[in-house]
Each structure stands twice: as C-alpha cells, then as structure tokens.
Amino acid sequence: MADELLVDMRKLSPAQQEAVRMRVMDAIDRGLEEDQAAEVFGVSTKSIARWKARSEAGGAEALRSGKPGRNTGTGRFLTEGEESALK
C-alpha cells in the first residue's frame with residue numbers, strides 16, 4: 001500500500017481517531033483480515049496490532065480517546081518541595 005494513502009491520525013480530532021479505531025476493530029471482529037483492514041481504512045498494520053492488543057486487554061473502553069501526554073508529575077527531577085523552593 002502506498003504511504004500517501006495512510007491517514008495521519010494526529011490530524012484527526014480525538015473523536016475522529018476513536019471512531020476510526022472502533023470501525024477498524026469492528027471490521028476485524030466481523031472477519032476482515034488485519035492487512036485488508038489496514039488497506040480499507042488507510043491505517044498501518046502496526047496501529048491495528050496495537051489497537052487489537054488494547055482491545056483484547058480492556059475491551060472497547062480501551063480504544064476510547066484519553067487525555068494526551070503523560071500524567072502530571074511523572075518524570076519529575078525535583079520533588080514538589082524542591083520545586084516550591086525555587087518559585
């Protein structure tokens with residue numbers, strides 16, 4: 001499949017991204033092969049494999065769009081006290 005046919009999911013709204021994930025997984029659940037689904041929906045097979053793993057681990061809820069980025073406070077170098085002292 002030509003790369004120019006792939007959908008850049010980053011350019012879609014979270015609701016649109018979620019809709020694509022749900023439609024792809026529904027098609028696969030109905031018997032469409034992963035490589036065929038990738039071609040039909042214009043997404044990569046790697047993305048489909050990730051979505052399938054998430055779906056198997058947590059059901060349809062795992063495919064829902066969440067807050068982007070990491071959680072607040074993760075990856076900090078300073079403790080909250082040290083950070084407050086600098087302010």
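A few notes on this one:
- Exactly one residue out of A49, A38, A27 is exposed (fewer than 15 other Cβ atoms within 10 Å of the Cβ) and either of a type in the set (G, A, S) or over 12 Å from the mean Cα position of the chain (by Cα) (or both): that is A49.
- One residue stands out in the range 36-67 among those that are among the basic types (K, R) and assigned to a loop (DSSP other than H, G, I, E, B): the one that is modelled with the lowest pLDDT, namely K67.
- Only one of the numbered conditions (1) small (G, A, S); (2) touching a residue at least 12 places away in the same chain (Cβ under 8 Å); (3) out of contact with any Leu (no Cβ under 6 Å at 6 or more places or on another chain) is not met by S84, and that is (2).
- Pair list, Cβ < 8 Å and 6+ apart or interchain, from the range 22-51 residues that are in contact (Cβ under 8 Å) with a residue 12 or more places away in the chain and within 18 Å of M9 (Cα to Cα) to residues that are surrounded by 15 or more Cβ atoms within 10 Å (Cβ to Cβ) and basic (K, R): M25/K52; E34/K52; W51/R21
- R70 falls short on exactly one of the conditions (1) of a type in the set (K, R); (2) part of a loop (DSSP other than H, G, I, E, B); (3) surrounded by 11 or more Cβ atoms within 10 Å (Cβ to Cβ), and that condition is (3).
- Entry remark, the range 6-24: residues being surrounded by 12 or more Cβ atoms within 10 Å (Cβ to Cβ), aliphatic (A, V, I, L, M) and assigned to a helix (DSSP H, G or I) number 5 in total.
The values are calculated or read from the model by the stated rules, or taken from the named source; none is laboratory data. Model, not experiment: these values are computed from the prediction. Please note: Cβ atoms are built from the backbone with ideal geometry, for glycine as well, and neighbour counts cover all protein chains shown.
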